[in-house]
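Participant: Shown below is the structure under consideration.
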């Protein structure tokens, strides 16, 4: 028994030692003091940063849980239009639905809202939004990838009217024209496939001619989002019934985002989306298939050769946001990808973003007090210096760029608005 107890104690001690040696690194409490003092290390924050603004030319938007519908224009980024294309799926696919011997009272689209842009300080302010709803004349496919530049041919128009929208509104209801009743009245559908033969899908957008600046964030997978048919049985006209068609993950859907940079500093992307704009004076970050930033550290390898025994304890990328009217509502956070090829045709998320909890490791969140973003890219820099990864550059995107409309202007490299800070020992 005594030998057993000794072995058990030794086993516990070994386990404690093992887990203490393999515990994930955390930034908990790091903000309380300078990281260089934590590691008693040296600091290098003078490495040259090269940066250009590039266009987000291939943004996948199909089958995400949220999206944006609306219009917005400013003098810096021009105008952007956001349109939704979606199927409507039966809420009872196993049993189908029958509208035989019924009278249709109304057909209503409901959109659950989880925010809007621009963010208003007055929750009671009213935006008069002219919505349009069209029938889609082409098939949508659940297993097909659709991008921000894709579109579908439109058919019958089922709605063109103004809705008073407040930022505090949680649902927008759109009562469609009675011409859509023919899709349901005295019809029955055994499954989704049969229904989609009759109604391939719907396009929901703003009437862009009204030029009303408001982008609405819509939760497509919310239970209350979808198309509801209200009807009465022919034998009982006193009782109303309803049936819900869903825009959820069983329905193919995507968003189209259109940028028009005519007359702005970004006009080059109007004619050549594969071009770039020098970041010496300013850089531009825009969601919804807009712009992103490409970074390079041309002398990083040379620095590594001068410090062959350097151990990187912390590498932080800082992006300053100048105090400008356009930056009153900047993106909440940024994400960082690395280029996989010299020609920049492919990117991948950096390893630091996969380490632990995003907010406590990589960070990327906007700090309104310092007016800057901070990203920890320690593993990325270490892997470049050790030759594990090639150095083709980094790319900064707005986080949630498919589902939010925020944008901002970043100070250029001439005024050191983007800085790489390396804390190391050797």
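The values are calculated or read from the model by the stated rules, or taken from the named source; none is laboratory data. Keep in mind it's a predicted model, so treat the numbers as computed, not measured. Here Cβ is always computed from backbone atoms with ideal geometry, including for glycine, and neighbour counts include all displayed protein chains.
Participant: Look through 401, 376 and report the one residue that is touching a strand residue (DSSP E or B) at 6+ places or on another chain (Cβ under 9 Å) and more than 14 Å from residue 337 (Cβ to Cβ).
Facilitator: 376
Participant: When the residues of segment 148-186 are narrowed to those that are touching a helix residue (DSSP H, G or I) at 6+ places or on another chain (Cβ under 7 Å) and crowded, with 17+ Cβ neighbours inside 10 Å, which ends up farthest from residue 60 (Cα to Cα)?
Facilitator: Of everything passing the filter in segment 148-186, 183 is farthest from residue 60 (Cα to Cα).
Participant: Those residues that are more than 28 Å from residue 212 (Cα to Cα) and surrounded by 18 or more Cβ atoms within 10 Å (Cβ to Cβ), I need them from segment 101-120; list them, please.
Facilitator: Answer for segment 101-120, where residues must be more than 28 Å from residue 212 (Cα to Cα) and surrounded by 18 or more Cβ atoms within 10 Å (Cβ to Cβ): 102, 104.
Participant: Follow-up. So residue 46 fits all but one of (1) out of contact with any helix residue (DSSP H, G or I) (no Cβ under 6 Å at 6 or more places or on another chain); (2) not assigned by TED's automatic domain parsing to the domain that holds residue 330; what number is the exception?
Facilitator: The one condition residue 46 does not meet is (2).
Participant: Return the only residue of 98, 145, 123, 137 being within 30 Å of residue 408 (Cβ to Cβ), at pLDDT 95 or above and exposed (fewer than 15 other Cβ atoms within 10 Å of the Cβ).
Facilitator: Criteria check complete, one pass: 145.
Participant: Being in contact with a strand residue (DSSP E or B) (Cβ under 8 Å, 6 or more places away or on another chain), modelled with pLDDT of 95 or more, crowded, with 19+ Cβ neighbours inside 10 Å and closer than 28 Å to residue 71 by Cα is the requirement here; does residue 278 meet it?
Facilitator: no
Participant: Being within 22 Å of the chain's Cα centre (by Cα) and over 22 Å from residue 258 (Cβ atoms) is the filter here; which residues of segment 142-181 pass it?
Facilitator: 142, 143, 167, 168, 169, 170, 171 - these are the residues of segment 142-181 that are within 22 Å of the chain's Cα centre (by Cα) and over 22 Å from residue 258 (Cβ atoms).
Participant: Please enumerate the residues belonging to segment 224-247 that are at pLDDT below 95 and either part of a loop (DSSP other than H, G, I, E, B) or under 21 Å from the mean Cα position of the chain (by Cα) (or both).
Facilitator: Within segment 224-247, 234, 235 qualify.
Participant: Out of all the residues in segment 341-349, is one or more crowded, with 16+ Cβ neighbours inside 10 Å, outside any loop (DSSP other than H, G, I, E, B) and under 26 Å from the mean Cα position of the chain (by Cα)?
Facilitator: Yes, there is a match, as at least one residue in segment 341-349 is crowded, with 16+ Cβ neighbours inside 10 Å, outside any loop (DSSP other than H, G, I, E, B) and under 26 Å from the mean Cα position of the chain (by Cα).
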